[in-house]
């Protein structure tokens with residue numbers, strides 16, 4: 001008996017060592033991920049041995065589960081090789097590549113996430129399928145050093161995986177009984193594990209044991225991507241229920257009405273500048289990243305500037321929907337790519353068309369990059385202008401993401417000269433997008449010390465806006481126009497100092513400039529990019545009810561201590577009022593931290609359980625928001641309190 005046990009142990013030695021090597025490789029990749037992307041204030045749960053031990057335990061468990069299933073095709077091929085002498089050589093070759101290819105793809109996804117995580121603050125998911133061309137075909141080529149390093153690491157990983165798998169395949173025992181045990185035991189183990197831990201298939205399953213801020217350090221990118229693609233194709237949105245639907249609708253009503261500042265005020269033209277990746281840090285007087293911007297600063301002195309403005313998410317394709325439709329995105333993929341494009345929403349183009357407006361969208365990017373052409377058409381815009389529509393574009397200097405802003409703004413100004421009023425014109429700029437490359441004339445400038453590429457591109461954009469306004473001020477439509485500025489999401493003001501912060505990495509600039517009202521004002525009440533739809537409808541004189549998750553900017557001061565909502569990732573949402581920030585775990589359906597960001601700006605002290613009515617209010621508001629958002633997708637009639645749909 002002892003001899004047989006020793007024989008079995010010897011037989012399992014090779015697959016055991018193979019599996020151990022894979023675990024070590026994944027641990028190295030995760031360690032590199034954590035080193036490049038450390039947790040920020042309010043997200044650091046590693047301060048105790050107990051917490052760190054829990055993270056390591058869950059990380060090992062997720063790695064083992066994922067690797068076991070990735071290796072399953074290879075072990076099935078080895079099982080076939082052990083059963084048939086005729087197919088032995090062919091099955092071994094198939095086994096080699098059945099091991100290498102899935103493992104290489106999974107490992108390279110983990111490697112890619114090390115560099116891509118700062119842009120979307122979560123592991124790879126189905127959204128990556130819609131933006132792949134940008135980070136991998138355009139952005140990386142602007143950074144040859146990082147590209148070469150990434151390629152070298154990727155090549156080393158593939159070589160190691162090939163050697164690991166080749167060594168395993170060559171050690172398949174000659175004896176049939178040993179070979180069956182060698183190849184069949186991992187297959188049986190995978191099946192048993194799946195029966196015992198079915199929840200491990202879900203990437204957010206570790207949230208049952210760790211905080212959401214630690215989740216990305218535990219997950220496997222292959223698992224998050226595959227599950228997200230499956231969920232997208234299966235069109236699944238979880239139904240969230242925390243309270244009676246009538247109570248949720250009362251706390252988070254979706255039907256809104258404009259509250260005009262002046263009765264029967266004339267319709268105003270609206271020009272909206274959606275600013276790509278522009279953080280609030282550039283505008284904050286007390287920020288180390290404060291940037292003197294001659295034009296924007298001059299406008300701000302005569303504008304309503306919202307000091308506490310926030311984006312809904314970290315993604316451009318979610319930001320554009322939040323701004324132009326007042327709609328938070330619940331799915332991983334952009335809603336205009338999802339099965340939910342027939343949801344009842346108020347598209348700004350459709351609604352303004354009913355009020356006699358013409359709506360125009362301008363971007364220097366290629367046609368439908370990020371799916372923006374689909375989005376703009378879905379929301380009812382009359383015209384979509386992109387790079388191909390600008391005369392002579394082939395001879396103009398380009399940013400990595402499209403034509404530089406100066407050319408697009410000049411084209412936009414020319415189009416507006418001929419435009420019948422009233423109109424809505426939206427400019428989505430590209431030059432402030434990473435990698436922040438500039439026209440050759442700007443690259444040769446002598447810059448002040450310490451400016452990051454992001455800061456330089458912002459100064460370039462500021463000058464482009466100055467030129468646009470200098471010409472626009474001479475046009476008859478100018479004084480009948482309100483100009484709105486809103487960033488699509490926050491991004492690092494300096495890539496050399498990539499620090500994250502649970503509140504700060506949602507803070508964006510929002511500004512309202514009316515040439516008829518030269519009195520500037522700084523407004524401290526929290527506002528959101530979800531408020532932009534309401535504000536544009538207010539300016540249009542809209543009097544019909546509409547669907548929105550926001551409010552209108554000019555009347556924010558009268559709304560009391562309102563609550564805003566932000567999506568960190570699929571498992572974590574945040575609620576924020578004028579003093580507190582709540583982080584909410586959607587897997588548990590419970591709050592996991594609460595910070596008084598006014599007295600504790602670095603978010604070092606979790607006061608959850610110590611504030612009584614404050615946290616109850618924020619939690620109930622958060623739950624009502626999530627419940628209404630999920631029911632809006634699954635049963636719009638119930639969320640909107642409409643008659644049942646036939």
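No lab work stands behind these numbers, since they all come straight from the coordinates. This is a predicted model, so every value here is computed, not measured. Don't worry about glycine lacking a Cβ; one is built from the backbone with ideal geometry, like all the others, and counts go over all protein chains shown.
Side notes on the structure shown:
- Fully extended contour minus Cα-Cα distance, from residue 366 to residue 149, at 0.36 nm per residue: 75.2 nm
- With the simple model of a label 7 Å out from the Cα in the direction of the Cβ, residue 17 to residue 355 spans 7.3 nm.
- Taken along the Cα-to-beta-carbon direction at a fixed 7 Å, the label points for residue 171 and residue 377 span 5.6 nm.
- In nm, spacing of pseudo-spin labels at residue 35 and residue 495 (7 Å Cα→C-beta vector): 2.0 nm
- Fully extending the segment from residue 56 to residue 90 would add 8.3 nm, taking 0.36 nm per residue of separation and subtracting the current Cα-Cα distance.
- Additional length obtainable on full extension of the chain from residue 471 to residue 285, 0.36 nm per residue less Cα span: 64.0 nm
- Cα centroids of the stretch 464-507 and the stretch 521-579: 18 Å apart.
- All Cα-Cα distances of the stretch 240-316, cut into 5 Å bins from zero to the largest, leave 3, 9, 12, 16, 14, 14, 13, 11, 6, 2, 0 percent in each bin in turn.
- In the stretch 575-639, the inverse of the mean reciprocal separation of distinct Cα atoms equals 12.7 Å; this is its Kirkwood hydrodynamic radius.
- The stretch 591-641 versus the stretch 275-348: alpha-carbon centroid distance in Å: 21 Å
- For the stretch 151-165 versus the stretch 435-463, the gap between their alpha-carbon centres in whole angstrom: 38 Å
- For the stretch 520-646, the fraction of alpha-carbon pairs in successive 5 Å shells from zero, as %: 2, 9, 17, 19, 19, 15, 10, 6, 2, 1, 0
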